[in-house]
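Okay, structure first, notes after.
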Amino acid sequence: MFKYITCFLTILLLQFTIGCSSNKNEKNNHLYNEIGGQEGIESLVNAFIKRIPTDKEILPYFAKSSVKHFKEGFINHLCVMVSGPCQYNGDTMIDIHTGMNITERDFNRVVELLIQAMEDEGISYQTQNKLLFKLAGLRDQVIKI
């Protein structure tokens, strides 16, 4: 009888463990799904890039950049930040932004442009806040004055 109880408990524990790990994966990429997956990230990045040429404060930082290279890197970086199925193999945020003398004001302006792009894409405020929270951790790697 004890053997059967042990076997039953082992099966329950195994099912619980498998269930928890699949729920964990769902939770990890929940933000990725909220944004609309790969298609949503690409649309968001396109909406953000469209705003850059019209912003006199931020445009100089992108004047010598390859739009294609920036777009690909930003898409991959965002995908990783929201636990999507991507790998970012580009330079670190420190490497990218060192020497650019980005001020807090400039950083905040880029965040405003990103918020406007998220609004253009119909991303909910709750999802916007989740993404901004994740990106806020990079602030000290970007502002280096």
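No lab work stands behind these numbers, since they all come straight from the coordinates. Computed from a predicted model, the values in this text were never measured in an experiment. Here the Cβ positions follow ideal geometry from the backbone for every residue, glycine too, while neighbour counts run over all protein chains shown.
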When the charge dipole of segment 29-142 is computed with +1 on Lys and Arg Cβ and -1 on Asp and Glu Cβ about the Cα centre, the Cα farthest towards its positive end, among SER124, ILE102, GLY84, belongs to ILE102
In vacuo Debye scattering of segment 29-142, one point per C-alpha: log10 I(q)/I(0) at q = 0.13 Å⁻¹? -0.47
